[in-house]
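Asks: Provided herewith is a single structure, encoded as structure tokens, for subsequent inquiry.
The values are calculated or read from the model by the stated rules, or taken from the named source; none is laboratory data. Values in this document were obtained by computation on a predicted structure and should not be read as measured data. Areas reflect the complete protein model, heavy atoms only, side chains present, ligands, DNA and RNA absent. Shrake-Rupley method; radii C 1.70, N 1.55, O 1.52, S 1.80 Å.
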Amino acid sequence: MTDEEKQLAFEIAEKYHHNYVQFSKNATSMEFSILLKYIVDQANLKQRKIAGLD
């Protein structure tokens, strides 16, 4: 994930005040995809570090 995509994910989270209920009700499909992709990428990164693959 590039820095630009990361920044965009943070901006989307701020837009919905880090509130998942507001986000899931009001976000566009594009915003939903961008933010969830960021979350999944971060989770995968942490799992790989724990497993010793990175």
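Asks: Can you give the convex hull volume of the alpha carbon atoms of the chain per residue, in Å³?
Replies: On the way: hull volume 4.3 nm³, N = 54.
In the chain, the Cα convex hull volume per residue is 79 Å³.
Asks: Carbon and sulfur: what percent of the chain's accessible surface (1.4 Å probe)? It would help to have the intermediate numbers written out before the result.
Replies: Details: 2470 of 4360 Å².
Exposed carbon and sulfur together represent 56 percent of the surface.
Asks: Could you tell me how many degrees, from 0 to 90 and to the nearest 10, lie between the Cα long axis of helix 29-51 and the main elongation axis, the longest principal axis, of the Cα atoms of the chain?
Replies: Relative to the chain, helix 29-51 is tipped by roughly 20 degrees.
Asks: Measure nothing but the geometry: give the 0 to 90° angle between the long axis through the Cα atoms of 3-15 and the longest principal axis through the Cα atoms of the chain, rounded to 10°.
Replies: 40 degrees
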